[in-house]
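*Asks:* If you scroll down you'll find the structure; I have some questions about it.
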Amino acid sequence: MADILPVMNLSTAILVVDDDPGIRETIGDYLRSHGFVVGLAGRAQQMREQLAQRDWDLIVLDVMLPDEDGLSLLRQLQRDNGPPVIMLSAMGSDTDRIVGLEIGAEDYLAKPCNPRELVARIRTVLRRQEKARLRQEAAPAPGGAPLLCFAGWTLNRWSRALRDPEDTVVALSDGEYRLLLAFLEHPGRVLTRDQLLEYSRGGDSDSYDRAIDVQISRLRKKLRGAAGEEFVRTVRNEGYMFMPAVGVRGG
């Protein structure tokens, strides 16, 4: 029997941030019935207070809040290396979803959402986070961590630190790191969107193709060669290819 990764336990804590008390309480009650520890917040300030009180494994965040918009909060959480975020929005348009994913949300659901689907999405995100944690624990010790090198850049697979040719650290979200690693492990090869989803998010992902396009756009803004050339080439009707040669050396 295949190993089953633990995706939650009795201490798995979810913070629900939504200004609608009915939705907030409904989601909170449903999550508690499935064994999660739940915190509730109706405003951005309340969310910050909850974050200061304890560590949270995931945040369910409404886009529209009375004192601050959810996308601004998402940006702050990304800068502070906060917990993964699933966005909720009453609008639910593709544009809204793309913006949320581009900023760094792990997933996006339109309101009103089915609580059962939300729990499934939460478990998928937590499973993905657990896999990443186990991979990092299995990585070599810091002194011997292999570096992936390309065009003067380096990516440390143990610390996840990306450095440009001037040795400046370039910040990556978890999704950007996993996508870049997928490219570096398959250089000079055309990868379809399905393959990139599999390599970067795992077989349990239910992300859609457009999310990969968004993350590649974000990577391209951060990865530029000395002459401004793009490292990731679009191969029409097929997928994407990472162009530079990739080498490996010790840390």
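The values are calculated or read from the model by the stated rules, or taken from the named source; none is laboratory data. On a predicted model such as this, the values are computed, not experimentally measured, just so you know. Cβ: placed from backbone, ideal geometry, glycine included. Neighbour counts: every protein chain shown.
*Asks:* Only residues in the stretch 32-45 that are of a type outside the set (A, V, I, L, M, F, W, C) count as the first member; pair them with residues that are assigned to a helix (DSSP H, G or I), Cβ under 6 angstrom, at least 6 apart or cross-chain, and list the lot.
*Replies:* Pairs found: His34/Val119; Gly39/Gln50.
*Asks:* Consider the stretch 163-178. How many of its residues are free of Cβ contacts under 8 Å to residues at least 40 places away in the same chain and buried (at least 18 other Cβ atoms within 10 Å of the Cβ)?
*Replies:* Count: 1.
Residues checked against (1) at negative phi; (2) modelled with pLDDT under 90; (3) not in a helix (DSSP H, G or I):
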| residue | (1), (2), (3) |
| --- | --- |
| Leu15 | yes, no, yes |
| Arg24 | yes, no, no |
| Ile27 | yes, no, no |
| Arg32 | yes, no, no |
| Gly39 | yes, no, yes |
| Gln46 | yes, no, no |
| Glu49 | yes, no, no |
| Ile59 | yes, no, yes |
| Leu65 | yes, yes, yes |
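*Asks:* I'd like to check which strands (runs of 3 or more DSSP E) are fully inside the stretch 189-251 and have at least 2 residues that are more than 21 Å from Glu166 (Cβ to Cβ), in the same structural domain as Arg178 (by TED's automatic domain parsing) and at pLDDT 70 or above.
*Replies:* Correct list: 232-235, 239-242.
*Asks:* Another question about this same structure. Which of the following residues is in contact with a strand residue (DSSP E or B) (Cβ under 6 Å, 6 or more places away or on another chain) and more than 13 Å from Arg24 (Cα to Cα): Gln50, Gln76?
*Replies:* Gln50
*Asks:* Something else about it: Identify, by number, the condition in (1) over 30 Å from Val248 (Cα atoms); (2) at pLDDT below 80; (3) surrounded by fewer than 16 Cβ atoms within 10 Å (Cβ to Cβ) that Ala110 doesn't meet.
*Replies:* For Ala110, the failing item is (2).
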